[in-house]
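Following: one structure in structure tokens, then a few remarks.
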Amino acid sequence: MIDDLWYKNAVIYCLDVSSFMDTTGDGVGDFQGLARRLDYLAGLGVTCLWLLPFQPTPDRDNGYDISDYYGVNSPHGTLGDFVEFTHEARVRGIRVIMDLVINHTSDRHAWFQQARADESSRYRDFYVWSKKKPRDANRGMVFPGVQKTTWTYDEKARAYYFHRFYDFQPDLDTSNPALQEELRKVMGFWLELGVDGFRVDALPFVIQNKRPDQGGGQRYEYLRDLREFLQWRTGDAVLLAEANITPDKDLSYFGDDGDRMHMMFNFQVNQNLFYALATTDVRPLTRALERTRVQAPTAQWAHFLRNNDELDLGRLTEAQRQRVFAAFGPDKDMQLYQRGIRRRLAPMLGGDQRRLEMAYSLMFTLPGTPVIRYGDEIGMGDDLSLPEREGARTAMQWSSAANGGFTLAKRSRVPVIADGPFGYAKVNVADQRRQPNSLLNWTERMIRMRKECPEIGWGTWRVLNAGVPGVLAMRYDWRGNALLAVHNLSAEAREATIRLTDLPGQPLINLLCEDHSRGDRRGTYKLELPPYGYGWYRVGSLTDLQTREPR
Ligand code: GLC
């Protein structure tokens, strides 16, 4: 059995071992370094880490091109270091989930090498081949503008192979039972080594029928197979899917009875949230929330602001996308793949701490589980001179020492941001620890508050009319407690008028500052919100501030 559905109120922190902390002095992060920083992460209050791929890889797509599923890429340490790390995380009550990249392997993977060399190899059918160039070879590229095709001719195999992503990432045919068995072993292996689940990479493509003779379509049954295997092996483990899909497909991924994915990233809400930040128009965000309301009690959304990829705006209308581009990525060089922005959050919001706090506060109060990207807790920036998505994958900035304290090596092998307003001299953990009002200390306080508000992860919710544009007001109800979150997305002060007619006369306790509000007898509350202001309120008496997690 899964322990109290722990993921419904987790605080997830996403990091890449590679760019987090180097202790061996080779200029690349490692598991020993990460283990040493676990107290920092525990202090911040995160309860679950999501590790980006760390297995052996030629590293042509940030490790999403795995050449061996059963190892640790040597600069990051050994399997022994990995197990020490998961042990240390467990001691601190922190869970660990890792990327499960099973849509494709690297072309260096032994399976692909054997598959291309020998048509009768048992690995041949792990991949997707065609003797003739398929008609749709110039369609369906995930990285348009960089990637030219989805079928590439391999001289050795004397056939075309299918690759949804770059040509060095041949797609696996997950409808093949022999491959399915291998992939179960991969999951079983890492579960034995102490992980609490997987972030399933590129899931819609994993379950797609890819062979030309299969005629397309998705194999949703495979989601249940993955879930069953995981849960039977480790009752407490979860699957968090990367599936950028339309809301009409949500149920197919969660399962009608919640028997497929436990969690999915909510890309629909993410894109409309950026539209709201750009325009202060919260109506499309409200619609996105409504359209992605989950039905099964065990299903949960993961909400995020920025992730390890570009900010994908592909689900917005062309006009909406242009508004977000104009606000947050006006230069062509800031945009990517004809649909997104490749900057980090802090530069997009002009480094304005009030606005960053409001954006994060809003994300923390979306119905689901928050996911923070490493470095966002201090407002790290990006380096757009790096190609594609690399600009937002620079080394963690620990201090104002050389290389931001990320490595003792003279030259870091992971790019470091040294100069400008987001350079490590200006933006780093050590300085922000000492400043009570830094973004870092603010984030720590907000995480504590988020944990004290389980209504957000568990409760039923609705969007309230705030009576004024640019303000999003949400109410959560759970076990007789009500919580209200109000966010002013605009740069001007606003007065929101909230009606809680079923709770007349009760005080509204501001959980973040001494600014309480008493409504009139009809349950109408007036809330003053400064520019980018926000408040989390509990309805009731001061002594009754906290609710408890279910036991
Ligand atoms: C996912 C990852 C991305 C990677 C791709 C291919 O979209 O988030 O970083 O490039 O899958 O594995």
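In the range 62-86, the residues that are assigned to a helix (DSSP H, G or I) reach residues that are within 16 Å of the ligand (Cβ to nearest atom) with C-beta atoms within less than 6 angstrom, at least six apart or across chains, in these pairs: His76/Val17; His76/Phe54.
Taking residues in the range 140-156 that are within 22 Å of Gln338 (Cα to Cα), and partners anywhere that are within 13 Å of the ligand (Cβ to nearest atom) and in a strand (DSSP E or B), the pairs with Cβ atoms closer than 6 Å and at least 6 places apart or on different chains are Met141/Gln147.
Within the range 291-333, being within 16 Å of the ligand (Cβ to nearest atom), aliphatic (A, V, I, L, M), part of a loop (DSSP other than H, G, I, E, B) and more than 20 Å from Asp383 (Cβ to Cβ) holds for one residue alone: Leu313. The single condition among (1) basic (Lys, Arg); (2) more than 16 Å from the ligand (Cβ to nearest atom); (3) closer than 30 Å to Lys8 by Cβ that Arg413 does not satisfy is (3).
The single condition from (1) within 15 Å of the ligand (Cβ to nearest atom); (2) modelled with pLDDT of 95 or more that Gly145 fails is (2). A single entry from Ser67, Ser74 fulfils the requirement of being surrounded by fewer than 21 Cβ atoms within 10 Å (Cβ to Cβ), away from the ligand (no atom under 14 Å from the Cβ) and under 29 Å from Val206 (Cβ atoms): Ser74. Against the criterion of being within 22 Å of Ser106 (Cβ to Cβ) and of a type outside the set (Gly, Ala, Ser), Ile66 qualifies. Of all the numbered requirements in (1) buried (at least 18 other Cβ atoms within 10 Å of the Cβ); (2) outside any loop (DSSP other than H, G, I, E, B); (3) within 16 Å of the ligand (Cβ to nearest atom), Pro204 misses one, and that requirement is (1). When the residues of the range 157-181 are narrowed to those that are free of Cβ contacts under 8 Å to residues at least 40 places away in the same chain and in a helix (DSSP H, G or I), which ends up farthest from the chain's Cα centre (by Cα)? Out of the qualifying residues, it is Pro177.
Checking Asn441, Asn465 one by one, the residue that is more than 25 Å from the chain's Cα centre (by Cα) and surrounded by fewer than 19 Cβ atoms within 10 Å (Cβ to Cβ) is Asn465 and no other.
Condition first: away from the ligand (no atom under 14 Å from the Cβ), hydrophobic (A, V, I, L, M, F, W, C), in a helix (DSSP H, G or I) and in contact (Cβ under 8 Å) with a residue 12 or more places away in the chain. Can you find one or more residues in the range 95-106 that meet it? The answer is no, given that none of the residues of the range 95-106 is away from the ligand (no atom under 14 Å from the Cβ), hydrophobic (A, V, I, L, M, F, W, C), in a helix (DSSP H, G or I) and in contact (Cβ under 8 Å) with a residue 12 or more places away in the chain.
The values are calculated or read from the model by the stated rules, or taken from the named source; none is laboratory data. Keep in mind it's a predicted model, so treat the numbers as computed, not measured. When we count neighbours, we look across all protein chains shown, and the Cβ atoms used for this are built from the backbone with ideal geometry, even at glycine.
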